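The values are calculated or read from the model by the stated rules, or taken from the named source; none is laboratory data. This one's a predicted model, so the numbers in the text were calculated from it and none came from an experiment. Cβ placement follows ideal geometry from the backbone for every residue including glycine, while neighbour counts extend to all protein chains displayed.
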């Protein structure tokens with residue numbers, strides 16, 4: 001008897017297309033990069049399988065690899081939260097915990113009134129881009145000409 005392929009797989013608070021290969025599919029989870037997905041597939045031994053073909057046990061193991069890579073000997077330089085400011089330890093966050101920590105970091109910068117925090121609060125680019133022609137949104141800025149009277 002052939003097991004049916006699942007069309008949509010729920011993994012780390014994210015709905016993922018089950019027809020994609022495992023390495024491509026887990027990249028749609030927030031916090032999983034290309035390099036981390038490759039490391040997870042190699043450590044988990046998933047090969048070129050499709051995500052929908054995995055058993056429940058494999059999916060639980062995959063979720064464990066994504067949420068706790070430190071327990072599976074994945075190098076710390078692949079984590080997205082190295083030397084966290086509060087504790088100084090290496091962590092890897094994914095899905096809603098990643099979004100929450102980013103919002104908290106931005107609010108901390110706003111509270112401390114750092115340059116980046118001020119730029120975030122004003123809605124301007126943070127990393128030194130030019131603003132003369134880019135990042136214009138909201139009220140239009142330009143030249144308004146007077147109507148010329150006909151003679």
>> If I ask for residues that are in a loop (DSSP other than H, G, I, E, B) and within 11 Å of residue 22 (Cβ to Cβ), which ones from the stretch 53-67 would you list?
In response: 54
>> Can you find a residue that is in contact with a strand residue (DSSP E or B) (Cβ under 6 Å, 6 or more places away or on another chain), in a loop (DSSP other than H, G, I, E, B), surrounded by 14 or more Cβ atoms within 10 Å (Cβ to Cβ) and modelled with pLDDT of 90 or more anywhere in the stretch 68-78?
In response: no
> Yes or no: residue 94 in contact with a strand residue (DSSP E or B) (Cβ under 9 Å, 6 or more places away or on another chain), closer than 22 Å to residue 14 by Cβ and in a loop (DSSP other than H, G, I, E, B)?
Replying inline: yes
> If you scan the stretch 1-30, which residues turn out to be assigned to a loop (DSSP other than H, G, I, E, B), touching a strand residue (DSSP E or B) at 6+ places or on another chain (Cβ under 9 Å) and under 21 Å from residue 99 (Cβ atoms)?
Replying inline: 29, 30
> Of all residues in the stretch 26-38 being free of Cβ contacts under 8 Å to residues at least 60 places away in the same chain and within 14 Å of residue 94 (Cβ to Cβ), which is surrounded by the most Cβ atoms within 10 Å (Cβ to Cβ)?
Replying inline: 26
> Scanning for something under 25 Å from the mean Cα position of the chain (by Cα), modelled with pLDDT of 85 or more and assigned to a helix (DSSP H, G or I), does the stretch 121-141 turn up at least one residue?
Replying inline: yes
